[in-house]
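The structure appears below as structure tokens.
Where a number appears in this text, it was derived from the coordinates with a stated rule and is not lab data. On a predicted model such as this, the values are computed, not experimentally measured, just so you know. Quick reminder, even Gly has a Cβ in these numbers, built from the backbone with ideal geometry, and neighbours come from all protein chains shown.
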Amino acid sequence: MPDVLVFAEHREGETEVSRPVLQLLVGGRALAGGGKVTALLIAAEPSGPAGQLLACGADRVLTVSDPRLAKYCTLAYTAVLAAAARATGATLVIGPTTTMTRDLFSRAAARLGAAAAHGCSAAKIENGCLVVEHPVYTAKAMAEVALAADRPNLVTFRNNTFANPTPGAGGGMVEPLAVELTDADLAGQVSEVTMTGHGEVELTAADVVVSGGRSLKESANFAMLAELAAVLGGAVGASRAATDGGMAPHSQQVGLTGKTVSPRLYIACGISGAVQHLAGMKDSGTIVAINTDKDAPIFEVADYGVVGDLFQVVPALTAALKSKLQK
């Protein structure tokens, strides 16, 4: 049975572990069989998040609290991840699909001589090999790939690929991982990170995403979507047409050239459903589409469709939900 190392992605200022990372503990346990599941946490104050990782299923948490790593540093994080993989002897290293891991896992795979796969939506052990599934051709098809069994495998998984964990007492250990970093490892330091979203739910980790398209007409109208998202405890997304038109920041863009999301509920408001957008949200649990065009491609992937004016439907839906949830 393979030992599994979970990269517990953590960003400066966060006090809790993100839901996608906690889901990986469930997936790691399933893939490990009888093997161990170790989490790697790089954080200035690791005690709180480390305890959360143990409670949600990690057998052990390796922590690195070097203040020079408070912000993501490509070469240094690569050195740490590679060192953790070697120290644990893990044959499978998994992480969430994010902009950080797309950079980090590819570099670490090259350093470890490992195989790598990104954005996977399913995995299984078959004949001793890890077999993963991921979308190809802008999510028009799914590819099943068997990764080599004679070397480590580094894989990132989409949000909600695995179930949420049930927190328990947690009987594992927290251990510091000593990694010697050279000046070369610390080249190209990030000096500043500008946060967007004003404290809202992070888009890729949200259970509910309410997205708007070109039909919103102007940025002020996205407040209507924000109100609906707030009622549902979700985040606001946007199509490329909306972000290119200046109606929403590019940090909210969902699609092939934006963020990939897979929430339990995705509400598309005034989005026609171009292939580029579908590639970023097709794996959502339940898709609701609101559009005046009954022939819009978005209805082909929607579980529920409302043919109507979003400026009438969204406020009515928000009011109904507020009334229902307040009872």
* Run the numbers on the chain and let me know its relative contact order in percent, using alpha-carbon pairs under 8 Å that are six or more apart. => 14
* Quick one: if you stick a label point 7 Å off each Cα along the C-beta vector at R102 and A187, how many nm between them? -> 2.4
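How much of the DSSP bridge set in the chain is antiparallel, in percent, rounded to the nearest 5?
Percentage antiparallel, nearest 5: 20.
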* Structure fact -> From DSSP H assignment alone, runs of 4+ in the chain each adding -39500 (n - 2.57), the sum over residues rounded to the nearest 500 puts [θ] at 222 nm at -8500 deg cm²/dmol
* Asked: Among the listed pairs K259/K324; K282/K324; K36/K259; K140/K259, which are separated by more than 25 Å between their Cα atoms?
  -> K259/K324; K282/K324; K36/K259
* Share of alpha-carbon pairs per 5 Å distance bin for the stretch 4-176, given as whole % -> 1, 9, 19, 23, 22, 15, 7, 3, 1
* Asked: Counting only the backbone N, which residues of the stretch 9-26 are under 17 Å from the spot 7 Å out from the Cα of A44 toward its beta-carbon?
  -> 10-17
* Could you give the radius of gyration (one decimal) and Dmax (whole number) of the Cα atoms in the stretch 145-263, in Å? -> 19.7, 55
* Asked: So how tilted is helix 19-32 from the main axis of the chain? Cα-based, degrees 0 to 90, rounded to 10.
  -> 50
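For the stretch 4-176, what's the relative contact order in percent, using C-alpha pairs closer than 8 Å and at least 6 residues apart?
29
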* Asked: In percent, how large is the relative contact order of the stretch 189-327, given Cα pairs closer than 8 Å and 6 or more residues apart?
  -> 21
* **Additional length obtainable on full extension of the chain from L325 to T138, 0.36 nm per residue less Cα span** => 63.6 nm
* If you take the beta carbon distance between T15 and K71 as r and set R0 to 22 Å, what does 1/(1 + (r/R0)^6) give as a FRET efficiency, to the nearest 0.05? -> 0.85
* Asked: Using the beta-carbon distance between N164 and V131 and R0 = 25 Å, what value does 1/(1 + (r/R0)^6) give for FRET efficiency, to the nearest 0.05?
  -> 0.60
* In the Gaussian network model of the chain, springs joining C-alpha atoms below 10 Å, which of S191, S251, S121 carries the largest mean-square fluctuation? -> S191
* Structure fact -> If one builds a Gaussian network model of the chain from Cα atoms under 10 Å apart, the most fluctuating residue listed among K259, K71, K140 is K140
* Label the stretch 203-325 by shape, choosing from rounded, prolate and oblate, from the square roots a ≥ b ≥ c of the eigenvalues of the Cα gyration tensor; if a/c is under 1.5 it is rounded, and otherwise prolate applies when a/b is larger than b/c, oblate when it is not. => rounded
* To do: Express in whole angstrom the spacing between the alpha-carbon centres of the stretch 146-182 and the stretch 248-262.
  => 26
* Farthest toward the dipole's positive end in the stretch 203-325, which of Y304, S272, Q253, given Cβ charges of +1 (Lys, Arg) and -1 (Asp, Glu) about the Cα centre? -> Q253
* Structure fact -> Any lysines whose Cα falls less than 26 Å from that of K322, other than same-chain ones fewer than 8 residues away, would be K217
* Dipole size in debye (nearest 20) for the stretch 4-176 around its Cα centre, Lys and Arg Cβ +1, Asp and Glu Cβ -1? -> 240
* Using 0.36 nm per residue, how much length does the chain from A223 to A110 gain when fully extended, once their Cα-Cα distance is taken away? -> 36.3 nm
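Once Rh is set to the Kirkwood radius over Cα pairs, what Stokes-Einstein translational diffusion coefficient, in µm²/s, holds for the chain at a temperature of 25 °C and a viscosity of 0.890 mPa s?
Values: Rh = 20.8 Å.
Rounded, D is 118 µm²/s.
Any idea what the dipole of the chain comes to, in debye rounded to 20, about its Cα centre with Lys/Arg Cβ at +1 and Asp/Glu Cβ at -1?
Charge dipole of the chain: 420 debye, to the nearest 20.
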* Structure fact -> Expected unfolding gain across R151-A178 under the 0.36 nm per residue rule, minus the alpha-carbon gap, is 7.3 nm
